[in-house]
1. Relative contact order for the range 93-193: what percent, with Cα pairs under 8 Å and sequence separation of 6 or more?
2. Under the Karplus relation 6.51 cos²θ - 1.76 cosθ + 1.60, θ = phi - 60°, what is the ordered set of whole-Hz ³J(HN,Hα) values for the range 157-164, x standing for Gly and Pro?
3. Roughly how many nanometres apart are two label points built 7 Å out from the Cα toward the Cβ at Lys102 and Tyr120?
4. What accessible surface, in Å², does a 1.4 Å probe find on Met263, ignoring ligands, DNA and RNA and rounding to the nearest 10?
5. Work out how much length His4 to Glu234 would gain on full extension: take 0.36 nm times their residue separation and subtract the Cα-Cα distance, in nm to one decimal.
6. Summarise the accessible area of the chain (1.4 Å probe, protein heavy atoms) by the percent that is carbon and sulfur.
7. Quick check: residue separation of Glu25 and Asn85 times 0.36 nm, minus the Cα distance between them. What number comes out in nm?
8. Do any of Lys37/Lys91; Lys37/Lys166; Lys37/Lys125 go past 32 Å between their Cα atoms, and which?
Amino acid sequence: YYYHGVRPATEWLIEYLKKNNHQEEVIVATNFAHTVKYYTRDHENIKVIYIRYYDRGNSDWDYAILANSYINPYHLKRNPWPPQNTIYKVKVDDIPVGAVVKREDKSDYTGYQAMQNKNYRFAEKELKEALSLDPNNESAALNLTTIYVQTNQNDKAIAQANKLLKVYPNYDKALNLLGIAYMNKNQLNNALAVFNRITEVNPKFVSAYYNMGLVYTRMNNAKQALNYFNKAIEVNRRFKPAYVAAANVLSNQGQTDQAKRYMEVANSL
């Protein structure tokens, strides 16, 4: 059912807006913008924007048309799919393959904007409000965890990350923040366990390898640190921090020529 729920969902929303005499501009977010733009091409009051499902709280929109693609199987098999405030479901054999969501509150978005502007106190308040309205709001939970990591409130970060992991087990981004919080608390074995778990869940998550390299650097294990920095580079040849970190390890080991080669690559990125 790859995106086949998008057309009936879009047609339903168009009729819904007509019935409610909604003539002012409406922002419709979707994880398949090209198709929604096509089906709404004759409706000038509908503005279509693209969103990723798990980042949906970070954008300004009034309605969302969501297909069941790139959503973790854990969610497709149980709540919270479709998400809270779904007003229409496209079903096949009583299984929802698409959804129309009406946004009732934008505190997740205002919280995200405040976080981007480093207004952490207001961001925390807004994101907590969003989570009080919808405890399954993954983007609000992730952003709140990010704030706690960025402000060095690591115990709060660990607690919030674990709450999010109950909503979305094995969420690589949440696990990464959890690992960083453990690393900040110098609980290095816990951090390693979390970062290793990420590589099992998502072998292409470059930050997990890089962060393991940082942990081994703190453990004064240069060999393993370099190993994981190189693994990060294998996953993403343009990941500059791994080159810089590897160069520092090599320089500290007296391998100046190799360190220079890594820094040359880093400076070219």
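The values are calculated or read from the model by the stated rules, or taken from the named source; none is laboratory data. Everything numeric here is computed off the predicted structure, so don't read it as measured data. Don't worry about glycine lacking a Cβ; one is built from the backbone with ideal geometry, like all the others, and counts go over all protein chains shown. Protein only, heavy atoms only, side chains kept; ligands, DNA and RNA dropped before computing areas. Shrake-Rupley method; radii C 1.70, N 1.55, O 1.52, S 1.80 Å.
1. Details: 110 pairs, mean separation 18.1, N = 101.
Worked out over the range 93-193, it gives 18 percent.
2. Per residue, the Karplus-derived 3J(HN,Hα) values read 4, 5, 5, 5, 4, 5, 5, 5 Hz.
3. So the label points at Lys102 and Tyr120 sit 3.8 nm apart.
4. 60 Å²
5. Details: separation 230, 0.36 × 230 = 82.80 nm, distance 3.59 nm.
So the chain would gain 79.2 nm between His4 and Glu234.
6. Details: 6310 of 14200 Å².
Solvent-exposed carbon and sulfur of the chain make up 44 percent of the total.
7. On the way: separation 60, 0.36 × 60 = 21.60 nm, distance 2.02 nm.
Additional length available on full extension: 19.6 nm.
8. Numbers: Lys37/Lys91 22 Å; Lys37/Lys166 35 Å; Lys37/Lys125 35 Å.
Violating the 32 Å Cα-Cα cut-off are Lys37/Lys166; Lys37/Lys125.
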